[in-house]
Structures are given as C-alpha cells and as structure tokens.
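S.K.: The structure follows.
Read the figures in this text as sums done on the coordinates, not as results from a lab. Only a predicted model underlies this, so the values are computations on that prediction, with no experimental measurement involved. Neighbour counts run over all protein chains shown; Cβ positions are idealised from the backbone, glycine included.
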C-alpha cells in the first residue's frame with residue numbers, strides 16, 4: 001500500500017496538516033489544523049494509445065525522466081477537464097505528433113504502489129507522418145519482432161504490448177485489466 005504523505009500544508013489556507021481519520025471516514029486523510037479542510041489523495045490516471053500502422057506499433061523514445069532514453073507507448077498524465085479518450089489523443093499528438101483514430105479501450109492497469117491507473121486505447125494511425133514533441137527523442141514504428149523489449153521504460157507498456165500481440169494473433173481484441181505488483 002502507498003504510504004507516502006505528500007500533503008504538508010492546506011491548499012485552502014496554508015496551515016500545516018495532520019494525518020488523521022476524520023470522524024465520518026475510515027482512513028487517514030490530511031486534515032488542516034486551522035480550517036479543518038479534509039484533503040483527499042487519489043490515484044493519478046495515465047492515459048495513452050497503442051498506435052498501429054498496418055502490422056507495426058508506434059513507440060516513442062523518452063526524452064524525460066524517469067527512464068530517459070527508453071521506449072514507451074505515447075502516454076502521460078490525464079489533465080482536468082478532459083476524458084480519458086481525449087487525454088490519450090492529446091498525449092499521442094504531444095509525444096509522437098501522430099494522427100490517430102481511437103478504436104476503444106484496450107488495457108487498464110492498476111499500479112497501486114505508484115498510486116496510478118494506466119489506461120491504453122487501441123488506435124489506428126491515419127498516416128505515417130510523425131512530429132515528436134520535446135518529451136520524445138524519436139518516434140518509430142516497430143513490427144512485433146523488432147520491439148526493443150529490453151529497452152521498454154515501463155512494465156505497463158510491456159504488458160500492454162504483450163496483450164496486444166496476443167490478441168492480434170488470436171484475431172480479436174478485448175479489454176484487459178491487470179494489477180501491476
């Protein structure tokens with residue numbers, strides 16, 4: 001279970017907080033010593049795509065930490081005011097400059113130790129034009145045999161790609177839910 005206590009001060013008034021179980025709750029929360037505002041800490045959503053052109057998948061080489069220089073699917077943190085699908089499309093454009101059409105949710109991975117939920121959508125590339133943004137060193141299409149498995153940045157990406165190729169081999173795509181320990 002995630003044990004960090006990242007909230008130190010109240011976002012409403014700036015007073016230090018204490019971690020305690022509020023009277024109407026069942027777990028510790030950051031509670032302001034001054035105004036008694038209760039601050040909830042919830043998992044972050046990471047959204048992205050599995051962009052495909054013919055029999056190849058698009059990967060991006062990271063230009064930022066963590067895991068700079070390793071390969072990933074285009075993905076990142078969801079922003080307020082957007083749906084998971086909108087966030088996945090935005091991240092695909094920001095990281096790869098790829099023009100895609102979403103085909104549906106493909107994988108949902110719970111990364112409890114990091115306080116994250118990763119959601120990947122299958123996506124069809126509408127063309128092969130790429131224009132990677134500043135967070136990406138390069139974007140490249142890979143066949144299954146060419147995937148740099150030992151150079152993938154995250155286990156969620158590895159598992160999503162493994163599931164994608166297995167479903168493709170089977171001739172049908174499902175929605176997959178995994179817990180990453």
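S.K.: Could you pull out the residue among 50, 46 that is surrounded by 13 or more Cβ atoms within 10 Å (Cβ to Cβ) and over 19 Å from residue 113 (Cα atoms)?
M.R.: Just one listed residue meets the conditions, 50.
S.K.: May I ask you to list the residues in region 121-131 that are part of a loop (DSSP other than H, G, I, E, B) and touching a helix residue (DSSP H, G or I) at 6+ places or on another chain (Cβ under 6 Å)?
M.R.: Answer for region 121-131, where residues must be part of a loop (DSSP other than H, G, I, E, B) and touching a helix residue (DSSP H, G or I) at 6+ places or on another chain (Cβ under 6 Å): just 130.
S.K.: Of everything in region 85-120, what is over 17 Å from residue 157 (Cβ atoms) and part of a helix (DSSP H, G or I)? Give them in sequence order.
M.R.: Correct list: 85, 86, 89, 90, 93, 112.
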